[in-house]
1. For a quick check of your reading: which strands (runs of 3 or more DSSP E) sit entirely within the stretch 74-148 and have at least 1 residues that are over 20 Å from the mean Cα position of the chain (by Cα)?
2. Would you be able to say whether some residue in the stretch 92-104 is within 29 Å of residue 18 (Cβ to Cβ) and out of contact with any helix residue (DSSP H, G or I) (no Cβ under 8 Å at 6 or more places or on another chain)?
3. Scan the stretch 128-141 and report the pairs whose first residue is farther than 19 Å from residue 16 by Cβ and whose second residue is loosely packed, with under 12 Cβ neighbours inside 10 Å and modelled with pLDDT under 90, with Cβ atoms within less than 7 Å and a gap of 6+ or a chain change.
4. Counting only residues that are under 16 Å from residue 79 (Cβ atoms) and surrounded by 13 or more Cβ atoms within 10 Å (Cβ to Cβ), which one in the stretch 43-64 is modelled with the lowest pLDDT?
5. Give all pairs with beta carbons closer than 9 Å in which a residue from the stretch 80-107 that is on the phi > 0 side of the Ramachandran plot meets a residue that is part of a loop (DSSP other than H, G, I, E, B) and at pLDDT 90 or above; count only pairs at least 6 apart in sequence or on separate chains.
């Protein structure tokens with residue numbers, strides 16, 4: 001494992017969690033949007049994260065238990081995709097300008113409580129990655145002090 005791998009892995013986590021927070025904020029901002037750019041109601045978005053490069057966790061765990069070192073280690077996390085949830089809900093509001101002839105309005109499937117939980121989760125994960133990066137930096141600093 002290289003000297004800066006821990007910082008690279010934490011940095012990839014910071015980038016991924018920041019994007020999750022941005023997408024969650026976009027969902028909250030568009031919770032009542034009935035006319036999106038593509039037509040119809042806004043579609044809730046969700047970030048899909050995946051492992052970046054390296055061996056899978058199970059391969060690395062098996063190798064560590066067996067004493068075999070994997071050829072390539074983990075490289076952090078990356079955004080696999082940003083997917084849209086096509087489901088919407090119908091709300092009865094005959095006075096709304098986007099109401100259909102029956103009086104129903106197609107609304108986004110965005111639950112503010114769920115989005116706030118996702119936002120808090122992303123924020124905590126971001127903070128954990130900052131802490132991991134700071135800890136790595138402190139270990140490197142102490143190692144360099146020992147080598148003087």
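The values are calculated or read from the model by the stated rules, or taken from the named source; none is laboratory data. Here the structure is a predicted model, which means the values were calculated and not measured. Using ideal geometry, Cβ is built from the backbone for each residue, glycine included, and neighbour counts are taken over all protein chains shown.
1. The qualifying strands (runs of 3 or more DSSP E) are 88-92, 104-108.
2. no
3. Filtered contacts from the stretch 128-141: 140/3.
4. 52
5. 103/93; 103/94; 103/95; 103/96
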